[in-house]
Every structure is written in C-alpha cells, then in structure tokens.
Amino acid sequence: MHNSHETSPIIGIHLGDASGCGPEIIAKLAASGRLSEACRPILIGDARVFAAAQTYTGVEVPLQVVAAPAEARWDGALPFLDLANLDPADFALGTPSAACGRAVGEGFLKAIDLATAGEIDGFLYAPIHKQALSLGGFAYESESEMFAQAMRVTGYHCELNILQSLWTARVTSHVPLKDVSGLLTREGILETVTFGDATLKQAGIARPRIAVAALNPHAGENGKCGREEIEVIAPAVEAARAEGIAASGPFPADTVFTRAFSGEFDMVVTLYHDQGQIALKTKGFSEGVTVPGGMPVPIATPAHGTAYDKAGTGTAEVSATANALATVCRMAARRRGSRAA
C-alpha cells in the first residue's frame, strides 16, 4: 500500500558510504517498494554510485532526477537528488577513502539544509565510516557532533540506540573506561534521563518507563563494592522521579537488560558505551537502529557498520535499515502532526 502523498512524511534517504554496503541496501529496499510504502522518499547521493549498486544487487529502480524536493512526483519513479560528487572510478570497494568520506559529508550537509528549510521532514542515512568521514575533511568524534554543529544545536544531545521496542541512552560515550566514574555526576545522569523521557514522548510513548543501570557489580552491594550508586546514581533517579518521570534504579547491569527485553522498561540509561551496546548487539546485531537524539529534525541510521567485507556482493542485510526507516518515519509523522495542529 502506498501512503497518501498529502500525509506521508517526505524523507531524505542518504546512500551512506559508497565503498560499503549502504547503496546496495538502499537499492534493495527501493526495488522492493518498502521505501515508498513508508514515506515519500528522496534519494540523496551520486546516481552513478546508485547505478553500480543496482548492478551488484541485480535490481532495477526507475528514477526521477530532481534538483529539489519540490520537483518530486512520486509517480512510480523514485526522486533522486543527484549530487554528482563521487565517480565510482575514484574509489575501491571495501576500504575507507577520502573521496567517499567527502561525499558523505557533502550529502549530510545537503540533507541538513533541506530538513532545516522544511523541504524534507527528516532523513535516514545508510551506514557510514567515521574514519572515511574524517579523511574527507569532516573530522568529528561522530556524525552526531557534525549534525549538532551544522544545525546549531546548543542543548543536550546524545546518541540513542533502539532494538525492537527497547531504547538505550548513555551518560558517557566515547571515553576510556578508567575515566567513567569521574565523569558521572548527579546532574549528568538526570540530564540523560530527562532527555530520554522527552525523546520517547516525541516517539509516541506517553509515559516512558526508564531504568537506570548501576556502575558496579551487584549495584555496589550497599557500598561494599563502590559508592557511585549511593552517592551519585540513586540521587539522580530520585530527582528524576521528583520531576514526574517514571525512572527507577540503579539496577545491576548484568540483569537489567533481561528485565527490559521482557517488556518491563521502555529505555535503559547506561553509564558507558559498551554497557548498552554489548547487550543490544548480542541480542540483535542485524536489526538495531541508532538515532542522533536532540536534533531539531528526525534522523536515523542502522546501528551496524559499513560491512566492507560484503560490499559489491549484493548480500547485505536490510533489516536494520528498514527498522531505521520505520523509526524516522514515525518520528517525522508525529512532528508533521504537531506542526499542523
């Protein structure tokens, strides 16, 4: 079933790193009709890269090359905004390159411009490679930092991960494990919980149930195995509850995800990067979604990487990207509705 042109969100679909599996995944989804079923898609990238991806995957996707979303017709052919900035002869599949990273960065800036101007309602991007992005002249800790700078985000923002219906947010991210304890503050944990609550409400969950993980084994055993739970984490949870947020914890990190995946919580707030990532990637590596949270427009991407080893074989799995598409469409549709109201 094709969504109504009047009501379905307009979503930019960025092909991702051209030396990885992204263009092939988008080609498969486009050929299957799943992009058009979910939204009014506008592909963003280089048409030559997308042509090569169709060859690898053995599919054919009719395209309407457009200069702007206003030209898109969605009449059977998929609108394609051709940036014409990456010749397939200029890079090799399966390895990070400056050419691919530069093209990704330029594509991101174009998608951000379109979203900021209200020409698209949000965007999905296929897997990218941070090293390639840096080689291409966009040297950021992550693409989320690039988005935040380009959109002049001054408030709190962080990367969120989703698997099935469970979300995670983290208090610290790309920092050495030995530094985590010193970086944990009552204010920082409260900010993450508050941010998670607001984001889940934007995604349509009326009263999010948020679990906060402990730092130490057995949640510190009442101070016998660390005092962070008593002095920092529990007070932050109490402060969140005082603000009306359905937060609880701290819970031992080795069991909180078992409870969460059984449906007890909508989000787990973790304290460091791998605390949540190990749980999610073990449970469903090929299905997870990443959302750069705190941005003024909905953005999503599959949680897995570029799969350089599979590039050019047409075998890349599409599940996570399809899930990311569903996520960004859901958030964009709610945003369209709230703006119309």
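The values are calculated or read from the model by the stated rules, or taken from the named source; none is laboratory data. This is a predicted model, so every value here is computed, not measured. Using ideal geometry, Cβ is built from the backbone for each residue, glycine included, and neighbour counts are taken over all protein chains shown.
Listed values, structure above:
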{"quantity": "Among (1) within 24 Å of MET146 (Cβ to Cβ); (2) in contact with a strand residue (DSSP E or B) (Cβ under 8 Å, 6 or more places away or on another chain); (3) not basic (Lys, Arg) - the single one THR95 does not satisfy", "calculated": "(2)"}
{"quantity": "Selection within the stretch 255-299 - touching a residue at least 24 places away in the same chain (Cβ under 8 Å) and among the aromatic types (Phe, Trp, Tyr)", "calculated": "PHE257, PHE261, PHE265, TYR272"}
{"quantity": "Qualifying residue in the stretch 236-251 (condition: surrounded by 15 or more Cβ atoms within 10 Å (Cβ to Cβ), of a type in the set (Phe, Trp, Tyr) and closer than 24 Å to PRO298 by Cα)", "calculated": "no"}
{"quantity": "Given (1) buried (at least 19 other Cβ atoms within 10 Å of the Cβ); (2) assigned to a helix (DSSP H, G or I), number of the condition ALA300 does not satisfy", "calculated": "(2)"}
{"quantity": "Hey, LEU43 assigned by TED's automatic domain parsing to the domain that holds LEU135, part of a helix (DSSP H, G or I) and in contact with a strand residue (DSSP E or B) (Cβ under 6 Å, 6 or more places away or on another chain) or not", "calculated": "no"}
{"quantity": "Tally of residues being at pLDDT 90 or above and either of a type in the set (Ser, Thr, Tyr) or assigned to a strand (DSSP E or B) (or both) across the stretch 283-297", "calculated": "4"}
{"quantity": "Qualifying position, being outside any helix (DSSP H, G or I), in the same structural domain as CYS39 (by TED's automatic domain parsing) and not aromatic (Phe, Trp, Tyr), among ILE112, ILE120", "calculated": "ILE120"}
{"quantity": "Search result, residues across the stretch 128-142 that are in contact with a Pro (Cβ under 6 Å, 6 or more places away or on another chain) and surrounded by fewer than 24 Cβ atoms within 10 Å (Cβ to Cβ)", "calculated": "HIS129, GLN131"}
{"quantity": "Close pairs from the stretch 136-162: first at pLDDT 90 or above, partner of a type in the set (Val, Ile, Thr) and surrounded by fewer than 16 Cβ atoms within 10 Å (Cβ to Cβ), Cβ under 7 Å, at least 6 apart", "calculated": "MET151/THR116"}
{"quantity": "Members of the stretch 297-335 found to be touching a Leu at 6+ places or on another chain (Cβ under 8 Å) and over 25 Å from THR7 (Cα atoms), listed by number", "calculated": "ALA303, TYR308, ALA311, GLY312, VAL318"}
{"quantity": "Single unsatisfied condition, GLU145 versus (1) crowded, with 23+ Cβ neighbours inside 10 Å; (2) in the same structural domain as ALA27 (by TED's automatic domain parsing); (3) within 17 Å of the chain's Cα centre (by Cα)", "calculated": "(1)"}
{"quantity": "Residue pairs meeting the criteria (Cβ under 9 Å; at least 6 apart or on separate chains; first in the same structural domain as HIS304 (by TED's automatic domain parsing) and surrounded by fewer than 21 Cβ atoms within 10 Å (Cβ to Cβ), in the stretch 322-337; second modelled with pLDDT under 90 and part of a helix (DSSP H, G or I))", "calculated": "ARG334/GLN202; ARG335/GLN202"}
{"quantity": "Selection within the stretch 42-69 - closer than 25 Å to ALA115 by Cβ and either of a type in the set (Val, Ile, Thr) or modelled with pLDDT under 95 (or both)", "calculated": "ILE42, ILE44, VAL49, VAL61, VAL65, VAL66"}
{"quantity": "Hits in the stretch 19-62 (condition: small (Gly, Ala, Ser) and under 18 Å from the mean Cα position of the chain (by Cα))", "calculated": "GLY20, GLY22, ALA38"}
{"quantity": "Residue count for the stretch 112-126, restricted to those that are surrounded by fewer than 24 Cβ atoms within 10 Å (Cβ to Cβ) and either touching a residue at least 60 places away in the same chain (Cβ under 8 Å) or of a type in the set (Val, Ile, Thr) (or both)", "calculated": "4"}
{"quantity": "Single unsatisfied condition, GLY196 versus (1) without any contact (Cβ under 8 Å) to a residue 60 or more places away in the chain; (2) surrounded by 21 or more Cβ atoms within 10 Å (Cβ to Cβ)", "calculated": "(1)"}
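One line per residue, one yes/no per condition, for (1) surrounded by fewer than 24 Cβ atoms within 10 Å (Cβ to Cβ); (2) touching a residue at least 12 places away in the same chain (Cβ under 8 Å):
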residue: ASP17; (1), (2): no, yes
residue: THR55; (1), (2): yes, no
residue: VAL66; (1), (2): yes, yes
residue: PRO69; (1), (2): yes, yes
residue: ALA92; (1), (2): yes, yes
residue: PHE108; (1), (2): yes, yes
